[in-house]
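The structure appears right after this line, and notes come after that.
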Amino acid sequence: MKDSEIINLSKAVFGVFFSLGTLILLAALISKNNEFAGAGYLLIIFGVPLNLLSVLGFLIYGIVYRSKFKECMIAILILTINIPIAYIYTIIGLSFLTH
């Protein structure tokens, strides 16, 4: 796998979960529908394991192919950006939907 493919795959996984989380949060805030809160919860339930599998995959790939280790670490850092974003979205969603 080329260096740019590793980074692009990481960006794609990040983009999918970031976009889905943003859409669900905006839909929940606009509609005040609690079903979107459930969808957000499901996104976290399914998104965390998928992101962890991606991180593990990049880590193993970087260990096996030492020349790609730096790119794999960058890819992992890109994926970890979703952690504080998901936390902030959860706090926002819970604060608005509980009132």
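The values are calculated or read from the model by the stated rules, or taken from the named source; none is laboratory data. Computed from a predicted model, the values in this text were never measured in an experiment. Neighbour counts are summed over all protein chains in view; Cβ atoms, including those assigned to glycine, are modelled from backbone coordinates with ideal geometry. We work out accessible area using only protein heavy atoms, side chains counted, and drop any ligands, DNA or RNA first. Shrake-Rupley method; radii C 1.70, N 1.55, O 1.52, S 1.80 Å.
Below, the figures for the structure above:
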| quantity | calculated |
| --- | --- |
| Check on I78, modelled with pLDDT of 90 or more and not small (G, A, S) | yes |
| Matching residues, the range 20-31, being open to solvent by 100 Å² or more (accessible area, probe 1.4 Å) and farther than 12 Å from F96 by Cα | L23 |
| Residues of the range 32-59 that turn out to be hydroxyl-bearing (S, T, Y) and at pLDDT below 90, as a count | 1 |
| Qualifying residues in the range 47-75 (those that are in contact (Cβ under 8 Å) with a residue 40 or more places away in the chain and buried (at least 18 other Cβ atoms within 10 Å of the Cβ)) - the one farthest from F18 (Cα to Cα) | K68 |
| Pair list, Cβ under 7 Å, 6 or more apart: the range 1-14 residue in contact (Cβ under 8 Å) with a residue 60 or more places away in the chain, other residue exposed (fewer than 13 other Cβ atoms within 10 Å of the Cβ) | F14/I81 |
| Residues of the range 32-46 satisfying the condition of being surrounded by fewer than 18 Cβ atoms within 10 Å (Cβ to Cβ) and farther than 14 Å from L94 by Cα | L42, I45, F46 |
| Where M1 falls short, out of the listed (1) exposed (fewer than 14 other Cβ atoms within 10 Å of the Cβ); (2) assigned to a helix (DSSP H, G or I); (3) not acidic (D, E) | (2) |
| Check on L29, at pLDDT 95 or above, out of contact with any Cys (no Cβ under 9 Å at 6 or more places or on another chain) and of a type outside the set (S, T, Y) | no |
| Checking V13 against (1) surrounded by fewer than 18 Cβ atoms within 10 Å (Cβ to Cβ); (2) modelled with pLDDT of 90 or more, the condition it does not meet | (1) |
